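Heads up: the structure comes next, in structure tokens.
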Amino acid sequence: MGPETLAQVLSQLPHNDDPRLLSHDIPCADAGIYKLTDDILLLQSIDFFTPVVDDPYMFGAIAAANALSDVFAMGGQPITAMNMVGFPNCLPVDVLTEILKGGTAKVHEAGATMVGGHSVEDEEPKYGLAVTGTVHPDNLITSQGCKPGDILVLTKPLGTGLLTTALKAEVINEAQITEALQGMARLNRYASEAMRQVGISACTDVTGFGLLGHALEMAEASGIRLLISGSSLPEYPLARDMAETGLVPEGSFRNNRHYMPRVTGAEHQAQADIDLLCDPQTSGGLLMAVHPERLDALCQALKHAGDHAFVIGEVADGPAGTMELI
């Protein structure tokens, strides 16, 4: 579902007056936030999609890592997960077994417990998780805290949408995109632990709306403007090549149509950089805003955890929810 359709649907839903639903007052919250006690906030998220790779175990691992990401983006700890499965009768049951094995392995790596799930017959395989996590109110991280002068740090390269589109078109094979597959399957747990250790201003994870959409949601929630360096955007190997050959996923065009009107400076950027900015990510990294005095400590903590620390821009005063490409 594109951002335009989602916004239209959500605008017609009834208002929720439960004072314990804290995420209601946080624009574009990555997960539902429900206050259980003064010391425990419940985080809930759900995500599933069709296969992005042929290997069923890797598909399960990537889908699970993607679903767990929202809780990590908010500084939380996943505690339970439930499988969500759509599966056609024409495929061998061994395929489903491998998908679930891949997902379960990632849930266990996240420090959570798989408690069951639900399956339906479907024409095309679909897999993901419903995830429940917790966080202490003092440790909650949202997209609202950006402050002018903060530095923007991204923890994974871009281009998974471009690469998986090319994979489906059989222009490339899985052996050529090993780095991207490993990146998608990598949990954001370790980056989350690093940012909690250092202390940051705000965070969101980068998924289907691309870096462009999720960054603008952060800018809107924080009431600020973002300055992004197009030439500093990191990409997985071959992603730029796929963009330059025109293998751009439909989700990129939807993200471009919906979000680019809030962006200035695009005319000075290479088209491949715009494509990377709009690329709908699968299990992307965390986008963090950090005070300049903590930048070195954050980069060191991320690298020590085995994650990237790409500095891609900064936070500035200006019209809320906008971006300038520099």
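Evaluated on the chain, the Kirkwood hydrodynamic radius is 19.9 Å, with distances taken between all distinct Cα atoms. Ranked by the mean number of other Cβ atoms within 10 Å of their residues, highest first, the peptides 201-214, 92-105 fall in the order 201-214, 92-105.
Over all other residues within a Cβ to Cβ distance under 14 Å of Ile326, the charged ones net out to -3, with Lys and Arg as +1 and Asp and Glu as -1. Scanning residues 5 or more positions from Thr264 or on other chains, those with amide H under 5 Å from its amide H are Met323, Glu324, Leu325, with H placed 1.01 Å from N in the peptide plane.
The modelled label-to-label distance between Lys101 and Thr37, using points 7 Å beyond Cα along the C-beta direction, is 4.0 nm. Pairs from the list Lys126/Lys156; Lys126/Lys147; Lys35/Lys101; Lys106/Lys147; Lys106/Lys126; Lys35/Lys303 with a Cα-Cα gap above 28 Å: Lys126/Lys147; Lys35/Lys101; Lys106/Lys147; Lys35/Lys303. Highest mean packing first, where packing is the average number of other Cβ atoms within 10 Å per residue, the peptides 218-226, 162-170, 30-38 line up as 218-226, 162-170, 30-38.
Read the figures in this text as sums done on the coordinates, not as results from a lab. Everything numeric here is computed off the predicted structure, so don't read it as measured data. All Cβ positions, even for glycine, are placed from backbone atoms using ideal geometry, and neighbour counts span all protein chains on display.
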